[in-house]
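For reference, the structure discussed in these notes is given below.
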Amino acid sequence: MSDCVFCKIVDGRIPAQKVYEDAEILAFNDINPARPVHVLVIPKKHIASLATVTPADTPVLGRMLATASEIASAQGSTDGFRIIINTGRVGQQEVPHLHIHIVGGPDPVGPMLKRI
Ligand code: AMP
Ligand code: ZN
């Protein structure tokens, strides 16, 4: 996707602080971190959101989750972390390229959501 910001990071058209890369997956620091550790894990292939995955995407999704745990530890979130996948309008997804947020650091990240 030529106008997708995360595809541009994959292609090297815009810079990012990469923390992990393999043939299928890229992880880089969030440009506007919410916690001391805030990394985004993306598939290199453009997938718009978790709502648009197909069965063929299952292996890369599994690898993204397993790799997220390794990245969290490697980035210093050694005593746990949270992953978040904002999806679509209700999930308030801002960048329409599937991504896992890893948030963590030395301290607990805070409540999950405000209660209704
Ligand atoms: P979401 O609301 O789940 O779509 O989150 C998008 C995330 O992407 C936000 O936390 C942004 O700070 C982050 N972001 C947007 N542009 C960039 C960029 N060029 N490099 C790194 N992170 C970015
Ligand atoms: Zn993309």
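Quick one: how many residues across segment 69-84 are among the aliphatic types (A, V, I, L, M), in contact (Cβ under 8 Å) with a residue 40 or more places away in the chain and crowded, with 16+ Cβ neighbours inside 10 Å? Before you say what the answer is, go through the steps one by one.
If we filter segment 69-84 for residues that are among the aliphatic types (A, V, I, L, M), which is where we start, we get 71-72, 74, 83-84.
Checking which are in contact (Cβ under 8 Å) with a residue 40 or more places away in the chain leaves us with 71, 74.
Adding the requirement that they be crowded, with 16+ Cβ neighbours inside 10 Å leaves 71.
Counting residues in segment 69-84 that are among the aliphatic types (A, V, I, L, M), in contact (Cβ under 8 Å) with a residue 40 or more places away in the chain and crowded, with 16+ Cβ neighbours inside 10 Å gives 1.
Could you please give the count of residues in segment 67-93 that are farther than 20 Å from residue 6 by Cβ and either of a type in the set (Gly, Ala, Ser) or under 12 Å from the mean Cα position of the chain (by Cα) (or both)?
First, the residues of segment 67-93 that are farther than 20 Å from residue 6 by Cβ: 69-70, 73-74, 76-82, 90.
Now drop any that are not either of a type in the set (Gly, Ala, Ser) or under 12 Å from the mean Cα position of the chain (by Cα) (or both), which leaves 69, 73-74, 76-77, 80, 82.
Counting residues in segment 67-93 that are farther than 20 Å from residue 6 by Cβ and either of a type in the set (Gly, Ala, Ser) or under 12 Å from the mean Cα position of the chain (by Cα) (or both) gives 7.
Before we move on, is residue 96 part of a loop (DSSP other than H, G, I, E, B), within 11 Å of ligand 1 (Cβ to nearest atom) and under 13 Å from the mean Cα position of the chain (by Cα)? Steps first, please.
Numbers: part of a loop (DSSP other than H, G, I, E, B): yes; within 11 Å of ligand 1 (Cβ to nearest atom): yes; under 13 Å from the mean Cα position of the chain (by Cα): yes.
Judged against the criteria, residue 96 is a match.
Give just the number: which of (1) more than 20 Å from residue 31 (Cα to Cα); (2) buried (at least 18 other Cβ atoms within 10 Å of the Cβ); (3) of a type in the set (Val, Ile, Thr) does residue 103 not satisfy?
(1)
Evaluate segment 31-39: report whether one residue or more is touching a Leu at 6+ places or on another chain (Cβ under 9 Å), surrounded by 15 or more Cβ atoms within 10 Å (Cβ to Cβ) and either within 22 Å of residue 5 (Cα to Cα) or at pLDDT below 95 (or both).
no
Just wondering, is there one or more residues in segment 77-88 that are within 15 Å of residue 43 (Cβ to Cβ) and of a type in the set (A, V, I, L, M, F, W, C)? Quick ask: steps written out before the conclusion?
Of all residues in segment 77-88, those within 15 Å of residue 43 (Cβ to Cβ) come to 83, 85, 87.
Now restrict to residues that are of a type in the set (A, V, I, L, M, F, W, C): 83, 85.
Scanning segment 77-88, I find at least one residue that is within 15 Å of residue 43 (Cβ to Cβ) and of a type in the set (A, V, I, L, M, F, W, C), so the answer is yes.
Going by the structure shown, is residue 63 more than 11 Å from ligand 1 (Cβ to nearest atom), modelled with pLDDT of 95 or more, surrounded by 15 or more Cβ atoms within 10 Å (Cβ to Cβ) and closer than 21 Å to residue 7 by Cα? Show your work before the answer.
Values: more than 11 Å from ligand 1 (Cβ to nearest atom): yes; modelled with pLDDT of 95 or more: yes; surrounded by 15 or more Cβ atoms within 10 Å (Cβ to Cβ): yes; closer than 21 Å to residue 7 by Cα: yes.
For residue 63, the condition - more than 11 Å from ligand 1 (Cβ to nearest atom), modelled with pLDDT of 95 or more, surrounded by 15 or more Cβ atoms within 10 Å (Cβ to Cβ) and closer than 21 Å to residue 7 by Cα - is met.
Please work out if residue 73 is assigned to a loop (DSSP other than H, G, I, E, B) and away from ligand 2 (no atom under 16 Å from the Cβ). Spell out how you get there, then give the answer.
Values: assigned to a loop (DSSP other than H, G, I, E, B): no; away from ligand 2 (no atom under 16 Å from the Cβ): yes.
No: the conditions fail for residue 73.
Take segment 11-23 and flag every residue that is more than 10 Å from ligand 1 (Cβ to nearest atom) and in contact with a strand residue (DSSP E or B) (Cβ under 6 Å, 6 or more places away or on another chain).
Of segment 11-23, the ones more than 10 Å from ligand 1 (Cβ to nearest atom) are 11-13, 18-23.
Answer for segment 11-23, where residues must be more than 10 Å from ligand 1 (Cβ to nearest atom) and in contact with a strand residue (DSSP E or B) (Cβ under 6 Å, 6 or more places away or on another chain): 18, 19, 20.
The values are calculated or read from the model by the stated rules, or taken from the named source; none is laboratory data. Bear in mind that the values here come from a model prediction, so they are computed numbers and not experimental data. Cβ: placed from backbone, ideal geometry, glycine included. Neighbour counts: every protein chain shown.
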